[in-house]
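Here is the structure we will look at.
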């Protein structure tokens, strides 16, 4: 008997193993089974129109994921066995990993929880399957990131308690509150926030140029987990685009709701990525690409193509896109200056860029760096050389929405903060920008509850009234080891020992005026 | 305005054959090498043909194998047994 | 707009003055001195005089800036929550309208930061 060896077509296989695994409920109403599908106002008339262009089924998913994991862990082993941390460009680089582990990895876990939840809430089987795979991917990402960085934790400070720190440290409330905002929204807003605005529109900026930078700085472990995670991301991005198109095609009433979510989540994501801007421009000793160039390629060019494609549904580019495009000249410098003056309260070190690095910044930012930012850094450098390293000993005003200190400047005037404020039900609220102020105005009840770290310290909820007590007892930062200036830090000394260099004590870590 | 479809691969042994196949089948594409990655971009449309990849790599190749080496994409995805297409339609 | 929710959405603002144990928050933004990256947030008593606030709180906060010794708070231009404001040194903060989460904007004509670059 002749056997038919012909495989099922991808399309048929996907149909059998995904859609056909679902069933119509007989003794419960759909509304009771999927109670969160309607309340946001999104109208779905036909879930069968949901497209998964990868048509990935669970059997193929496990096969490819297993192969990725084998490759990844072989490299982790090789990296650890060969003391890969000794081959990075410079130990300053590790500070970017500290920020990554405390700021980004817990978001992967948040995404795992988020997709597990919303995957349960859709009555369409295609959407449930896609969310389930993504939930598993996100769990894999947080695990592989922790494994990759556990090697660095053996050799450098500040990596020892990332989950605790994520929940408590002031600047980590920026990523934490971003994800909490998304996870506390309905399932369709969550997908628009994370799958579309974050994954499709913005994460390339973190995972592509930054990871290429990790490679260029000799960090084999990080580039490998980064790219392994990002290989899942191609699927996530596709889901992000498909979910937007699907919602827009289902009903015209969905268009204004989605436009509002795109406006909101583009701005929320842009503010979150300001942390990445300084990682790229200031924390990679070997430079690959400036933040500005990355923004041009991965937002202006790619986002331009994307939003042109979505025009046919009546969607326009995000409301504050022009402000964000202007910000590419400024935000990395503004963020680094902020962390330079507040690193008595961070789990990582900061420093003044070297002369060579400042020249690179001048070349990359010919219209802004020398005019607005170099004088600030050179002033601080001169103080540091006199043994008076500058720290700002007063806590900053935080934006009520993004929770970043209100440090951003007017789009057309980099000498002036773009501070906004308003009164709501007798209380005054402060914002970093029109973008964040708009988000508040739309849903004030959500943001009046914001857990703002500075106010929490002042209310006495953080185990102490002075910075050192809060940092040590509440944040679990090992004061004098994890925080303060890089030059003269234990990490710096250890690196000098690895490289057989003599320690230079002239610009020591804990100067006179530190808190 | 220009609308670039793009795909980014890890710079590894597998991906190099895929990149060769893409370059051959998409003469309008530009290939950029950056640390650890290869980015290919082209106006509006990029296609990966299974047949061309198999010819380059010298074995049977499943289109979904690209999931192992891809880092990022830009464009609407259309995939079947023989092709992987990225395209901006508007 | 109200929050779209699956049940009644009842919330409380987290930072009302009642939560600050008799104290209040006051912000100060020193225009064209972005070496201090953002407005300062101070925890102060509403009964503190403005003179006390200047001497004991604001002066130490800006002491590391090279322009700081040339700042005369009484001759500077002030805004309180965006409105023109004339400080009265011997009056308490709250008594002259500087209430919880107020922002004072300080402009010091002639002083424009490090090398004049607004830093």
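The values are calculated or read from the model by the stated rules, or taken from the named source; none is laboratory data. Remember, predicted model here, so these are calculated numbers, not experimental data. So basically every Cβ, Gly included, is an ideal-geometry build from the backbone, and we count neighbours across all protein chains shown.
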Any idea which of (1) away from chain B (no Cβ under 14 Å); (2) surrounded by fewer than 19 Cβ atoms within 10 Å (Cβ to Cβ) is the one residue A:293 doesn't satisfy?
(1)
Would you please name the residue that is surrounded by the most Cβ atoms within 10 Å (Cβ to Cβ), looking only at residues in region B:53-68 that are closer than 26 Å to residue A:297 by Cα and facing another protein chain (nearest Cβ under 8 Å)?
B:67
Selection from region A:247-263 of residues that are surrounded by fewer than 21 Cβ atoms within 10 Å (Cβ to Cβ), in a helix (DSSP H, G or I) and touching a residue at least 12 places away in the same chain (Cβ under 8 Å)
A:248, A:249, A:250, A:255, A:257, A:259, A:260
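One line per residue, one yes/no per condition, for (1) part of a loop (DSSP other than H, G, I, E, B); (2) crowded, with 20+ Cβ neighbours inside 10 Å; (3) facing chain A (nearest Cβ under 9 Å):
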site: B:8; (1), (2), (3): no, yes, yes
site: B:17; (1), (2), (3): no, no, no
site: B:21; (1), (2), (3): no, yes, no
site: B:42; (1), (2), (3): no, yes, no
For the subset of region B:23-40 comprising residues that are touching a residue at least 24 places away in the same chain (Cβ under 8 Å) and within 13 Å of the chain's Cα centre (by Cα), which member is nearest to the other protein chains (Cβ to nearest Cβ)?
B:37
Count of region A:298-329 residues which are more than 9 Å from chain B (Cβ to nearest Cβ) and closer than 14 Å to residue A:277 by Cβ
7
Hits in region B:7-22 (condition: closer than 18 Å to residue B:50 by Cα and in contact (Cβ under 8 Å) with a residue 40 or more places away in the chain):
B:7, B:8, B:9, B:14, B:15, B:17, B:18
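Take residue A:339 and decide whether it is within 13 Å of another protein chain (Cβ to nearest Cβ), modelled with pLDDT of 95 or more and within 26 Å of the chain's Cα centre (by Cα).
It is true that residue A:339 is within 13 Å of another protein chain (Cβ to nearest Cβ), modelled with pLDDT of 95 or more and within 26 Å of the chain's Cα centre (by Cα).
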Would you call residue A:311 touching a residue at least 60 places away in the same chain (Cβ under 8 Å), surrounded by fewer than 20 Cβ atoms within 10 Å (Cβ to Cβ) and out of contact with any strand residue (DSSP E or B) (no Cβ under 7 Å at 6 or more places or on another chain)?
no
Among the residues of region C:68-84, are any in contact (Cβ under 8 Å) with a residue 24 or more places away in the chain and closer than 21 Å to residue A:342 by Cβ?
no
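Among the candidates A:359, A:347, A:392, which residue alone is outside any helix (DSSP H, G or I) and more than 9 Å from chain C (Cβ to nearest Cβ)?
Only one candidate qualifies: A:347.
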Matching option when the condition is under 28 Å from residue A:254 (Cβ atoms), touching a helix residue (DSSP H, G or I) at 6+ places or on another chain (Cβ under 6 Å) and modelled with pLDDT under 95, among A:189, A:199:
A:199
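Would you point out which residue out of C:2, C:38 is in contact with a strand residue (DSSP E or B) (Cβ under 9 Å, 6 or more places away or on another chain), within 8 Å of another protein chain (Cβ to nearest Cβ) and within 24 Å of residue A:444 (Cα to Cα)?
Working: C:2 fails: in contact with a strand residue (DSSP E or B) (Cβ under 9 Å, 6 or more places away or on another chain).
Within the list C:2, C:38, the selection yields C:38.
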Need pairs with beta-carbon distance below 6 Å; first residue more than 7 Å from every other protein chain (Cβ to nearest Cβ) and within region A:447-467, second in a loop (DSSP other than H, G, I, E, B); sequence gap 6+ or separate chains.
A:447/A:400; A:447/A:401; A:456/A:462; A:467/A:515
Can you tell me which residue among B:42, B:5, B:21 is touching a helix residue (DSSP H, G or I) at 6+ places or on another chain (Cβ under 7 Å) and modelled with pLDDT of 95 or more?
B:21
Determine, yes or no, whether residue A:334 is touching a residue at least 60 places away in the same chain (Cβ under 8 Å) and closer than 24 Å to residue A:413 by Cβ.
yes
From (1) under 21 Å from the mean Cα position of the chain (by Cα); (2) at pLDDT 95 or above, pick out the condition that doesn't hold for residue A:230.
(2)
Take residue B:71 and decide whether it is closer than 29 Å to residue A:197 by Cα and either surrounded by 18 or more Cβ atoms within 10 Å (Cβ to Cβ) or facing chain A (nearest Cβ under 8 Å) (or both).
yes
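Between A:329, A:323, which is in a loop (DSSP other than H, G, I, E, B), buried (at least 18 other Cβ atoms within 10 Å of the Cβ) and in contact with a helix residue (DSSP H, G or I) (Cβ under 8 Å, 6 or more places away or on another chain)? Please lay out each step first, then the result.
Working: A:323 fails: in a loop (DSSP other than H, G, I, E, B).
Exactly one residue qualifies, and that residue is A:329.
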Within region A:197-241, work out how many residues are under 16 Å from residue B:67 (Cβ atoms), in contact with a strand residue (DSSP E or B) (Cβ under 8 Å, 6 or more places away or on another chain) and in contact (Cβ under 8 Å) with a residue 12 or more places away in the chain.
7
Scanning region A:113-125 for residues that are surrounded by fewer than 23 Cβ atoms within 10 Å (Cβ to Cβ), in contact (Cβ under 8 Å) with a residue 12 or more places away in the chain and in a helix (DSSP H, G or I) gives A:113, A:116, A:117, A:119, A:121, A:125
Quick one: residue B:81 ticks every box in (1) surrounded by fewer than 21 Cβ atoms within 10 Å (Cβ to Cβ); (2) modelled with pLDDT of 95 or more; (3) facing chain A (nearest Cβ under 9 Å) bar one, so which box is it?
(2)
